[in-house]
Structures are given as C-alpha cells and as structure tokens.
Amino acid sequence: MKGIVFTEFLELVEDKFGLEVVDKIIQQSNLSSQGAYTAIGTYDFSEMLSLLTHLSEHTKISIDDLLLTYGEHFFAILANSYPSLINTYTDPIELLSSIENHIHVEVQKIYPKAELPTFEITEKSNSKLVMIYKSSRAMYSFGLGLMRKTFEHFNTKAHINFEKLTPTGTEVKFSIVVTNE
Ligand code: HEM
C-alpha cells in the first residue's frame, strides 16, 4: 500500500482525534515501519489494518465507518494531486465506470507497486451503474466514500447501495442510481 494512504490517514486521525491518539495507535500496532511513512514509499497493508483496528477499539467506531470517512476525505487529496485525471470527466457515471480501464491504469503507471482493486461493470446507462468491487483488502467502504464524493464533485445526487458477495467484503456489488433532485 502506498505511503500517501498512510500519511493522509494519520493526518486525518490527528485532526479528528488528536496527536495522542496517533501516537497511541502507532505504539499499539507494532509496525515494522514504526509509523514513519513517506508519501512515495510502499508499506504492508497489514500495517493499515492494524492501525484501523486499534483506532476502532479506541474510538468505538467500526472499521467500515472509519474507512468511509477516510474515503470521503481522500477524494479531495486525489482531486488536488491528479486534477487532470478527474477533469477528463464531465459526468460521475463516466468517471466511476472508467476507474478500472483508465484511472487506476494511470495510477499503476505512476506507482508500479500500487495495490488496486478491480471493478467489473455489469450494467451501465446514463443514470445507472452496477459494478463488482474485488480486492483482498476489502476496502469497499473506502470506495463508497470515494463514490459519494465523486457525485458531490459533479453536483449530482445518487443512491449508492451495496451488497457483500463474500462475508468479509472482498467482493461487493455496488448499485448506483442517479436521482433527479
Ligand atoms: C483520480 C482518481 C483516482 C486516483 C488518482 C486513485 C488512486 C488510488 C491510489 C493511489 C490508491 C492506493 C493504492 C495503494 O495504496 O497501493 C487507490 C486505492 C483505491 N482506490 Fe483509487 N483512485 C482514484 C479514484 C478512485 C475512485 C473514484 C474510486 C471509487 C470507487 C476508487 C477506489 C479505490 C479503492 C477502493 C482503493 C483501495 C484499495 C483496494 O480496495 O484494494 N479510486 N486509488
């Protein structure tokens, strides 16, 4: 997992819960990196899981809710860092249906060691998108946060439902319907 995912995560934790909580979860997590991340480095996903688990224990907020908030926050980071990738699109459905064959393809070129999910599109129209998320990291709530912010970015409203196809969420079906409000 890329360092930017860790550095932005720890900054958000500091903003929301304070530096003591950052220090506490780093200590509890027994990290090989010792919590010293650089944005361009690459670290084990297990470190993120450990940080999330301890943050969830400390705050009593579920890992899914933590990842949802983090995904919402991360959209702005991506939009600021890669405006040209986002600005190619004028429509949220077009953007989301292009993660797999455009956006993440470019990300993989910039960061060859990035560990990305796959999205398989099973239904698509102007106002509807159904896609299957697959990743051993089961970060579907992070994806949900990114999707919500994608619609906000284009001033569009949508209902986003999801259904886990595996118990841990390594495969999740997202059904997105644009609403006319
Ligand atoms: C300009 C747009 C985007 C860029 C530059 C981008 C880039 C990235 C990067 C750098 C990572 C971390 C990879 C790693 O740590 O190894 C990531 C992960 C991820 N991205 Fe994107 N992304 C974009 C848009 C989106 C959108 C709109 C979604 C919405 C579903 C999405 C879903 C995910 C998910 C769920 C992960 C977590 C990894 C996993 O589940 O396996 N991305 N992306």
Condition met for residue 1 (closer than 16 Å to residue 66 by Cα, touching a helix residue (DSSP H, G or I) at 6+ places or on another chain (Cβ under 7 Å) and surrounded by 14 or more Cβ atoms within 10 Å (Cβ to Cβ)): no
Identity of the residue in the stretch 123-164, part of a strand (DSSP E or B) and within 9 Å of the ligand (Cβ to nearest atom), that ends up farthest from residue 45 (Cα to Cα): 131
Selection count where residues are more than 17 Å from residue 130 (Cβ to Cβ) and touching a Lys or Arg at 6+ places or on another chain (Cβ under 6 Å), scope the stretch 159-181: 1
Residue in the stretch 67-87 that is within 11 Å of the ligand (Cβ to nearest atom) and farther than 23 Å from residue 115 by Cα present: yes
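Conditions (1) within 30 Å of residue 122 (Cα to Cα); (2) surrounded by fewer than 16 Cβ atoms within 10 Å (Cβ to Cβ); (3) out of contact with any strand residue (DSSP E or B) (no Cβ under 6 Å at 6 or more places or on another chain), marked per residue:
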residue	(1), (2), (3)
59	no, yes, yes
64	yes, no, yes
82	yes, yes, yes
90	yes, yes, yes
93	yes, no, no
Extreme residue, nearest to the chain's Cα centre (by Cα), among residues of the stretch 1-32 that are closer than 26 Å to residue 112 by Cα and free of Cβ contacts under 8 Å to residues at least 24 places away in the same chain: 11
Search result, residues across the stretch 95-122 that are among the aliphatic types (A, V, I, L, M), in a helix (DSSP H, G or I) and either more than 7 Å from the ligand (Cβ to nearest atom) or under 25 Å from residue 178 (Cβ atoms) (or both): 95, 96, 99, 103, 105, 110
Residue within the stretch 51-69 that is more than 15 Å from the chain's Cα centre (by Cα), on the phi > 0 side of the Ramachandran plot and either assigned by TED's automatic domain parsing to the domain that holds residue 126 or not in a helix (DSSP H, G or I) (or both) present: yes
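The values are calculated or read from the model by the stated rules, or taken from the named source; none is laboratory data. Remember, predicted model here, so these are calculated numbers, not experimental data. When we count neighbours, we look across all protein chains shown, and the Cβ atoms used for this are built from the backbone with ideal geometry, even at glycine.
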